[in-house]
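Notes for the one structure printed next.
The values are calculated or read from the model by the stated rules, or taken from the named source; none is laboratory data. In this text, all values refer to a predicted model and were calculated from it rather than measured experimentally. All Cβ positions, even for glycine, are placed from backbone atoms using ideal geometry, and neighbour counts span all protein chains on display.
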Amino acid sequence: MSEVVLGTANASRTAAHPTHRPTAAVTCTGRERSSRASANTAIPTSSASHTTRTVHTSAAPRVRRDCTAQGLSSRGRVGQPNVMGTKGEVNVAAQLAGGTATGVGSLPHRDAAAAAEFALVHTPELPAVPSLPRRSPAEGMIAQAVVGIRGVALGPYGSIAVDLDRVDPLAPVVTDLDHDAFGGFRAFLTAAAGRTDPVKWQLTGPVTLGLALARAGVPVSTAFEVAVRAVRAHLQALYAEVAAALPGAEQVVVVDEPSLGALMAPGFPIPPDAAIDLVSGALAAVEHHAVAGVHCCADADWASVLAAGPAVLSLPVTPSVVDVAGYLARFLDRGGVVAWGVVPTDGPLSRSAERPWRQLSELWCQLVQRGCDAMQLRQQSLITPACGRGLHAEEVAATVFGQVNEIAHRVRTQALATRLTLGA
């Protein structure tokens, strides 16, 4: 039995997500891919059900020179966002005005009931179910994700122990919602009883989980196959639990993939297309019934992330987003929603919302100059912290969400103004 300590820091912020880059070449079992991968490299197959999912490709740039909301009236009315999700069964966009504030991942609370109340009070329109790594190491993002995987056990302080003889990709995954790893989840459902407005929750994705299992000694081909099956099983079980507890509430389900930030780095253990295939397979587990999205707090190759077909793209506000303006424009045209991580969760905290607001506004101006629609950017947006706040004081978390809500109010004001200007 081999053991690796992963710690609880993985659940909080960009700097707390380690990048795993094995130097040795590895091979995964599965079908062949030729695009962006070696012709003799096989990859794990996640699910046949995702092969028909929408892939967002680049759109031809549309010339727009006015990046402000005020410059929209001369362009004619732009249609309302399409239903979110590639299958068209869910329309949470109709319930959420542009600029809705919500959370991402972890909170620093040790008391689960207090954390649930914090989420419901600070983000009432779309509260996010918090994970609480300070309350219990089992609520760390990797620790929570391995619950129920045969041959993988949780150790002290969020470590995982692997018995390679018992690890089997075909073994059923049991999602024990009474486990300590889901204490924050249970408390939220109790606090939100009777809610009929949407709720949001997230779970570690198959690429990040697969890398963690590989670090713990599981062969790479097995690690990723186990990971995608475990994630799909957890997603379905958690969705069913939320649906039973809050039958009137639509769900926004986000797959957390910080490791996608290293997707194009030399030595990444699987080809980019294989990684995106795994994420796509995870989204397919819930997208028929929920709004399925992807979150990455790192500076990722966003065109590749969009290729997984999310309905919500959750990303930090960084200059690199401008490079994929064409992809983002088509994503928005299809009704996609961007969750903008406007308040950084690493480094010094800004004293006010002015600096992050200015950074978001400048980014939007650049995107409009490259073809995105200024109204869509505002109306098809969520406003979030860049990542979780699990390692910070509760007072700091309150300050962060105060800034998130201030920026969300500004975005909403602009989104409403554009609707009134265009007679929507």
It is to be established whether one or more residues within the range 363-375 are in contact (Cβ under 8 Å) with a residue 40 or more places away in the chain, out of contact with any helix residue (DSSP H, G or I) (no Cβ under 8 Å at 6 or more places or on another chain), within 23 Å of Ala311 (Cα to Cα) and small (Gly, Ala, Ser). no
At pLDDT 95 or above and among the hydrophobic types (A, V, I, L, M, F, W, C): does that describe Leu306? yes
Residue check, Ala113 against (1) touching a helix residue (DSSP H, G or I) at 6+ places or on another chain (Cβ under 6 Å); (2) surrounded by fewer than 19 Cβ atoms within 10 Å (Cβ to Cβ); (3) at pLDDT below 95, all met but one. Which one? (3)
Subset tally (residues that are buried (at least 24 other Cβ atoms within 10 Å of the Cβ) and part of a helix (DSSP H, G or I)) for the range 186-213: 9
If you go through the range 226-240 one residue at a time, how many are among the small types (Gly, Ala, Ser) and either closer than 15 Å to Arg150 by Cα or within 17 Å of the chain's Cα centre (by Cα) (or both)? 3
Against the condition at pLDDT 95 or above, surrounded by 15 or more Cβ atoms within 10 Å (Cβ to Cβ), out of contact with any Cys (no Cβ under 8 Å at 6 or more places or on another chain) and among the aliphatic types (A, V, I, L, M), how does Ala93 come out, does it pass? no
Given the conditions (1) surrounded by fewer than 24 Cβ atoms within 10 Å (Cβ to Cβ); (2) part of a loop (DSSP other than H, G, I, E, B), and given that Glu287 satisfies all but one, which numbered condition is not satisfied? (1)
Counting only residues in the range 149-182 that are surrounded by fewer than 22 Cβ atoms within 10 Å (Cβ to Cβ) and touching a Ser or Thr at 6+ places or on another chain (Cβ under 8 Å), the one farthest from Leu382 (Cα to Cα) is identified as Leu164
Is there a residue being under 18 Å from His295 (Cβ atoms) and in contact with a Leu (Cβ under 6 Å, 6 or more places away or on another chain) anywhere in the range 354-367? no
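Within 30 Å of Ala116 (Cβ to Cβ) and either of a type in the set (A, V, I, L, M) or not in a helix (DSSP H, G or I) (or both), is that true of Val231?
Values: within 30 Å of Ala116 (Cβ to Cβ): yes; either of a type in the set (A, V, I, L, M) or not in a helix (DSSP H, G or I) (or both): yes.
It is true that Val231 is within 30 Å of Ala116 (Cβ to Cβ) and either of a type in the set (A, V, I, L, M) or not in a helix (DSSP H, G or I) (or both).
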Report, by residue number, each residue of the range 381-414 that is under 18 Å from Glu125 (Cα atoms) and either at pLDDT below 85 or charged (D, E, K, R) (or both). Glu406, Arg410, Arg412
Return the residues of the range 114-140 that are among the aliphatic types (A, V, I, L, M), outside any loop (DSSP other than H, G, I, E, B) and within 25 Å of Gly155 (Cα to Cα); say none if nothing qualifies. Ala115, Ala138
Sole miss for Pro258 among (1) more than 12 Å from the chain's Cα centre (by Cα); (2) crowded, with 19+ Cβ neighbours inside 10 Å; (3) within 17 Å of Val338 (Cα to Cα) is condition (1)
